[in-house]
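Have a look at the structure below before the remarks.
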Amino acid sequence: MTDRTCEELADLWCVLFGEPPAITADPSLVAQVLVRCLPPAEPYGPQALPMAQLQRKES
């Protein structure tokens with residue numbers, strides 16, 4: 001993993017848990033723990049309800 005990826009994982013950890021990860025020596029383990037702790041994502045597809053509608057400019 002790149003340094004940027006490791007920094008992003010640590011930032012996400014801080015947002016989720018309110019403190020820096022204690023296992024920063026192994027970014028792969030940090031990523032695994034984060035994935036297990038994140039809530040499930042809603043499915044995305046054409047049948048999904050739109051979250052927001054953007055106004056379009058008429059040409």
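Listed by Cβ neighbour count within 10 Å, with the fewest neighbours leading, Val15, Val33 appear as Val15, Val33.
Express in nm, to one decimal, how much length is gained between Gln32 and Val15 on full extension, taking 0.36 nm for each residue of separation and deducting their alpha carbon distance. Before the final figure, lay out the partial values.
Values: separation 17, 0.36 × 17 = 6.12 nm, distance 1.60 nm.
The span from Gln32 to Val15 would gain 4.5 nm if fully extended.
A short reminder: the numbers here are calculations on the coordinates, not readings from a lab. Here the structure is a predicted model, which means the values were calculated and not measured. Backbone-built Cβ (ideal geometry, glycine too); neighbour counts: all protein chains shown.
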